[in-house]
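So the structure is just underneath, and the comments pick up after that.
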Amino acid sequence: MEYPTQIQADLLFQEYPVPKVLLSHSEEVSSNCGLIGAQITEAGTQLDLELLRIGGFLHDIGRWKYDFEKGVPPEQDFHEYETGRLLAELGYLDFGNLIQRHALGGLTLEETRILGYPKVVDLMPNTIEAKIISVADKIRPQRGILTLSDKIRDYQTSERMHRRYFNKLPGLLEITVVRVTAIWQELEELGMKKFQ
Ligand SMILES: [Fe+2]
């Protein structure tokens, strides 16, 4: 699969700028991806660690268009879709398709339709790499989120998450808990260690 180099990825963030805080989030997710990828590789499943690092780095680039700091309300934030769309436009169709699948524990075609995405799109993490990016995105030490139960509590209490997703689709919070739990457990079985 073709994907940008780190230098190209840095240039992309110059061309499609996002707020500073999101850049440090991107760096953190990139490093989480490398860490999880290395743990799983060490446990016997070979993975392209550079793909994971660059994927983690660019997963939220769609926020250039949908960032709340630029006044986009949470219920109109469809940045995962924009990440995939932009990377496809730049010639990285498969890579964009892989890294866009990080919303919640995934969203089906039908769910993105109900949530009002600009285009109906399959955002279910369907590969180990997509699942690693999804979990790596959820680890937020600064917000006290390191474990699966921390993340579930965040879903239950975050007003932004309710405005973006859960208020629009009854039952989505419950199914999200089931999906995120399954992804987290699958990666742990493959060798992912606890974050601390
Ligand atoms: Fe993210």
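The values are calculated or read from the model by the stated rules, or taken from the named source; none is laboratory data. Values in this document were obtained by computation on a predicted structure and should not be read as measured data. Reconstructed Cβ throughout: ideal geometry from the backbone, glycine too, with neighbour counts over all protein chains shown.
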(request) Please work out if GLY55 is under 18 Å from LEU90 (Cα atoms) and part of a helix (DSSP H, G or I). (result) yes
(request) Out of the residues in the stretch 36-63 that are away from the ligand (no atom under 16 Å from the Cβ) and hydrophobic (A, V, I, L, M, F, W, C), state the one that is surrounded by the most Cβ atoms within 10 Å (Cβ to Cβ). (result) ILE40
(message) If a residue must be more than 16 Å from the ligand (Cβ to nearest atom), in contact (Cβ under 8 Å) with a residue 24 or more places away in the chain and assigned to a helix (DSSP H, G or I), how many such residues does the stretch 1-34 contain?
(response) 1
(message) Of everything in the stretch 143-160, what is within 16 Å of the ligand (Cβ to nearest atom), without any contact (Cβ under 8 Å) to a residue 12 or more places away in the chain and over 25 Å from ILE40 (Cβ atoms)? Give them in sequence order.
(response) SER158
(request) Output the number of residues of the stretch 53-107 satisfying the condition of being at pLDDT below 95 and on the phi > 0 side of the Ramachandran plot. (result) 1
(request) Of the conditions (1) surrounded by fewer than 22 Cβ atoms within 10 Å (Cβ to Cβ); (2) away from the ligand (no atom under 13 Å from the Cβ), PHE68 clears all except one; give me its number. (result) (2)
(request) From (1) assigned to a helix (DSSP H, G or I); (2) touching a Pro at 6+ places or on another chain (Cβ under 8 Å); (3) surrounded by fewer than 18 Cβ atoms within 10 Å (Cβ to Cβ), pick out the condition that doesn't hold for PHE195. (result) (1)
(request) Please work out if LEU87 is surrounded by 19 or more Cβ atoms within 10 Å (Cβ to Cβ), over 27 Å from GLN156 (Cα atoms) and under 15 Å from the mean Cα position of the chain (by Cα). (result) yes
